[in-house]
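Please read the structure below before turning to the comments.
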Amino acid sequence: MTDCPNGLMRDLLPEHALGLLPAAEAARVAQHLAECATCRADLVLLKQVRAAQSLGVPRMDVAAIASALPSAPATSRPAQRIASHRWFGGHAWQYAAAAGLVLVVGGGIVWRAMPTGEEARLADSSRVVVAPVESAGVREPLPADDGISFGGGLSDLSVDDLQALLGQMDSVRTLPSSDPESVTPVIAMNEGGKTL
Amino acid sequence: MSESDREGDAQVDVALIARWQRGDQRAATEIVGRHAQALARYAAAQGVREAVEELVQDTFVRAFNSIGSFRADSSLRTWLFTILKRLVLDRQRTERRRRNQVELDETHAVQEFDALDGMVADETLVRVKQAVDRLSGLQREVFALRVTEGLPYSEIATLVGSTEGACRVHYHNAMRAVKEYLSDD
Ligand SMILES: [Zn+2]
């Protein structure tokens with residue numbers, strides 16, 4: 001029993017057996033297989049291993065498993081839509097000032113509150129995060145730096161509300177995590193319009 | 001399936017999650033259909049023989065309850081594997097405490113397999129299965145993830161808490177050990 005001296009080919013065989021290689025690489029492996037009896041034997045063995053590993057594994061009942069899953073989130077959030085119309089009302093300048101305050105001060109607070117690892121993650125805005133939809137109907141995956149949103153619209157906020165919002169922002173220390181340790185929800189969602 | 005197909009496959013999962021988040025419960029069923037059997041195989045590769053479907057179901061329930069923490073920089077399947085693995089470890093700890101019993105050892109695994117009721121399997125496959133069951137736990141896990149699921153070493157390393165290089169070595173050692181066992185007939 002010997003190993004093929006071509007380590008790269010040995011390495012690629014499992015993916016080749018599963019048809020996962022890009023066409024050019026698959027062609028290279030196929031060419032090697034035509035010349036190498038050891039790799040041909042290994043390929044046969046890999047297919048046997050795959051079949052053997054399914055032995056004794058019970059067939060999963062997809063419908064039964066799916067029936068135990070939590071319900072899909074609700075689909076409407078009328079309060080937000082109403083608020084967004086009011087934005088264009090007669091007091092737009094007040095709202096614009098409020099927005100500026102939230103973005104500048106709030107953004108600074110959140111950034112400061114964030115651990116170093118989170119800063120690095122947020123800096124990588126090319127990454128796509130599948131964000132929770134809460135009660136909104138049409139929320140697509142968001143860039144990773146969209147860590148905070150508020151559903152009620154600024155038009156709903158008085159100065160007191162803004163103070164409260166800033167206070168809440170100060171307490172936000174984590175964003176959705178990909179940490180495999182975390183198998184519990186990490187996103188706080190409340191029933192009201194203001195979601196943090 | 002090419003690399004781009006693999007990427008497309010990942011995008012299908014992301015789109016299904018988004019559909020579920022918009023209120024489409026059927027998307028959840030589709031996700032279960034795409035990954036349940038692979039999760040069952042992964043559980044088996046870790047020596048789980050009992051209540052496999054319950055374990056897979058728990059995995060999905062936990063996943064859907066914390067879907068906001070899934071990031072599309074690894075595949076959904078790998079993320080599900082991570083959750084399942086934690087559940088397996090929890091279960092093993094609980095069982096050890098309850099029955100004061102050691103972890104499933106290699107001999108036990110082989111006996112469990114040999115005792116499978118009504119199993120009619122090709123003799124060669126039974127031998128191959130025995131060879132795989134004799135690998136160490138870590139080797140068996142890496143081998144299964146590589147050979148059966150075709151995961152890249154980077155994702156295997158994350159799952160087993162090791163490095164890509166070490167996983168590559170585990171895979172090759174496992175392959176050699178399986179071949180040696182089979183040639184000893
Ligand atoms: Zn070769």
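The values are calculated or read from the model by the stated rules, or taken from the named source; none is laboratory data. Just so it is clear, the model here is predicted, and its values are computed rather than measured. Glycine also receives a Cβ, built like all others from the backbone with ideal geometry; neighbour counts cover every protein chain displayed. Protein only, heavy atoms only, side chains kept; ligands, DNA and RNA dropped before computing areas. Shrake-Rupley method; radii C 1.70, N 1.55, O 1.52, S 1.80 Å.
Could you tell me whether B:ARG140 is within 11 Å of chain A (Cβ to nearest Cβ) and more than 18 Å from the chain's Cα centre (by Cα)? Taking the combined requirement at face value, the residue does not satisfy it. Kindly check whether there is at least one residue in segment A:49-64 that is touching a residue at least 24 places away in the same chain (Cβ under 8 Å) and either open to solvent by 20 Å² or more (accessible area, probe 1.4 Å) or within 7 Å of chain B (Cβ to nearest Cβ) (or both). Yes, some residue in segment A:49-64 is touching a residue at least 24 places away in the same chain (Cβ under 8 Å) and either open to solvent by 20 Å² or more (accessible area, probe 1.4 Å) or within 7 Å of chain B (Cβ to nearest Cβ) (or both).
Looking only at segment B:74-90, count how many residues are free of Cβ contacts under 8 Å to residues at least 40 places away in the same chain and either aromatic (Phe, Trp, Tyr) or in contact with a Lys or Arg (Cβ under 6 Å, 6 or more places away or on another chain) (or both). The total comes to 2. Assess whether B:ALA27 counts as being under 23 Å from B:SER136 (Cα atoms), facing chain A (nearest Cβ under 10 Å) and open to solvent by less than 60 Å² (accessible area, probe 1.4 Å). The answer is no for B:ALA27. From the set of residues in segment B:30-65 that are among the polar types (S, T, N, Q) and over 11 Å from A:VAL57 (Cβ atoms), which is farthest from the other protein chains (Cβ to nearest Cβ)? So, considering only residues that are among the polar types (S, T, N, Q) and over 11 Å from A:VAL57 (Cβ atoms), the one farthest from the other protein chains (Cβ to nearest Cβ) is B:GLN46. In the condition set (1) in contact (Cβ under 8 Å) with a residue 24 or more places away in the chain; (2) facing chain B (nearest Cβ under 10 Å); (3) under 35 Å from the mean Cα position of the chain (by Cα), A:LEU21 is compliant with all but (1). Sub-8 Å Cβ pairs linking a first residue in segment B:113-130 that is under 18 Å from A:ALA41 (Cβ atoms) and facing chain A (nearest Cβ under 9 Å) to a second residue that is surrounded by 13 or more Cβ atoms within 10 Å (Cβ to Cβ) and modelled with pLDDT under 90, at least 6 apart or interchain, are B:LEU125/A:LEU55, ordered by first then second residue. The helices (runs of 4 or more DSSP H) found wholly in segment B:122-185 and carrying at least 2 residues that are of a type in the set (D, E, K, R) and surrounded by 17 or more Cβ atoms within 10 Å (Cβ to Cβ) occupy B:123-133, B:137-147, B:164-183.
If you filter segment A:65-85 down to residues that are open to solvent by 70 Å² or more (accessible area, probe 1.4 Å) and modelled with pLDDT of 50 or more, you find that the one that is farthest from the other protein chains (Cβ to nearest Cβ) is A:SER67. Can you give me the number of residues within segment A:7-45 that are more than 20 Å from B:GLU180 (Cβ to Cβ) and either of a type in the set (A, V, I, L, M, F, W, C) or within 9 Å of the ligand (Cβ to nearest atom) (or both)? Residues meeting the conditions: 17. Take the conditions (1) modelled with pLDDT of 90 or more; (2) farther than 30 Å from B:SER183 by Cα; B:ARG127 misses just one of them, which is (2).
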